[in-house]
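> Let me give you the structure first, and then I'll get to my questions.
The values are calculated or read from the model by the stated rules, or taken from the named source; none is laboratory data. It should be emphasised that the depicted structure is a prediction, and the values quoted were computed from it without experimental measurement. Cβ atoms come from the backbone with ideal geometry, glycine included; neighbour counts cover every protein chain shown. Side chains included, ligands, DNA and RNA excluded: accessible areas come from the protein's heavy atoms. Shrake-Rupley method; radii C 1.70, N 1.55, O 1.52, S 1.80 Å.
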Amino acid sequence: MTEEEYKDICVQRFGAEIYTKLADSRVAVAGLGGLGSHIAVMLARSCVGTLHLIDFDAVDISNLNRQEYYIPHIGRPKTQCLKEKLMEINPFIHILTDNVRVTRENLEEIFREEAIVCEAFDRPEEKAMLVNGILEKLPHVRLISGSGMAGFGDANEIQTKRIFQNFYLCGDGKTDSEEGAGLMAPRVSICAGHQANQAVRLILQQG
């Protein structure tokens, strides 16, 4: 398959104007677990031209129930494994990787060139750190965060809400992981779909 053939099929699906906007766009995904790995795959399939993948972790056996990884990936960096997978989906996509833990001290350097960031961290304190840090230090960045997707609840409770001018929150806003109701693939994937969809809407200036 040539790049021209790939472009032609995307133009047939989306139209030339939409394809061009997507191909010229760039999105950062912070955290490549249950949310982030699915977000990245969806954006790659949506013809987003450049993805910036950020995660410090390696694939663990506990990731296999809800994340876009397989047994041969165990022990390898998530950034590397996901990049390889995305290149198999779209060999013409541009992928930047940062195999680093995001902190309040380095987030400005990591995200300063981004227009859209999808927050996909696991721990509440890390989510709060990234959200507060970007809103404070990089107010121009449009931030899409996820909160509340654990367990087996009603999928229709997962929604996308605009909290501030450049801050969107996806999830049910209440469901946390607990004994007997942990993070499961269906609701996590649905929330990831909301985040990826909102990123596409922002690229196309539809929301």
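> Taking the simple approach of a point 7 Å from Cα along Cα-to-Cβ for both E136 and Q205, what is their distance in nm?
Modelled inter-label distance: 3.3 nm.
> Which lysines have a Cα less than 19 Å from the Cα of K21, not counting those fewer than 8 places away in the same chain?
K7
> For segment 126-207, what is the accessible area per residue in Å², given a 1.4 Å probe and the full set of protein chains?
With all protein chains present, segment 126-207 gives 50 Å² per residue.
> Moving on to the next point. Mind listing which chymotrypsin sites (Phe, Trp or Tyr not before Pro) in segment 100-207 are in a DSSP loop and have 12 or fewer other Cβ atoms within 10 Å?
F152
> Less than 12 Å Cβ to Cβ from E109, Lys/Arg counted +1 and Asp/Glu -1: what total charge do the surrounding residues give?
Here the count lands on -2.
> Students sometimes get this wrong: rank M184, M149, M129 by accessible area, probe 1.4 Å, all chains present, largest first.
Highest to lowest solvent-accessible surface, that is M184, M129, M149.
> So how exposed is T103, as accessible area in Å² (1.4 Å probe, rounded to 10)?
T103 exposes around 50 Å² with every protein chain in place.
> For every other residue with a beta carbon closer than 12 angstrom to the beta carbon of R162, add +1 if it is Lys or Arg and -1 if Asp or Glu, then tell me the sum.
Here the count lands on +3.
> Let me know the charge dipole size of the chain about its Cα centre in debye, to the nearest 20, where only the beta-carbon of Lys, Arg (+1) and Asp, Glu (-1) is charged.
About 340 debye.
> I want the local charge near K137. Using Cβ-Cβ distances under 13 Å, sum +1 for each Lys or Arg and -1 for each Asp or Glu among the other residues.
Surrounding charge for K137 is -3.
> For semi-axes √(5λ) of the Cα gyration tensor in Å, one of (1) 39, 19, 16; (2) 25, 20, 18; (3) 31, 20, 15 was computed from the structure I shared and the rest are decoys. Which label?
Only one option fits the structure, namely (2).
> Residue by residue through segment 104-114, which ³J(HN,Hα) values in whole Hz follow from phi under the Karplus form 6.51 cos²θ - 1.76 cosθ + 1.60 (θ = phi - 60°), with glycine and proline marked x?
Here the 3J(HN,Hα) series is 4, 6, 10, 5, 5, 5, 5, 10, 5, 9, 8 Hz.
> Same structure again: Suppose we keep just the DSSP beta bridges with both residues in the chain; what percent of those would be antiparallel, to 5?
25 percent
> First compute the accessible area of segment 1-153 with a 1.4 Å probe, then give the percent of it belonging to carbon and sulfur atoms.
51 percent
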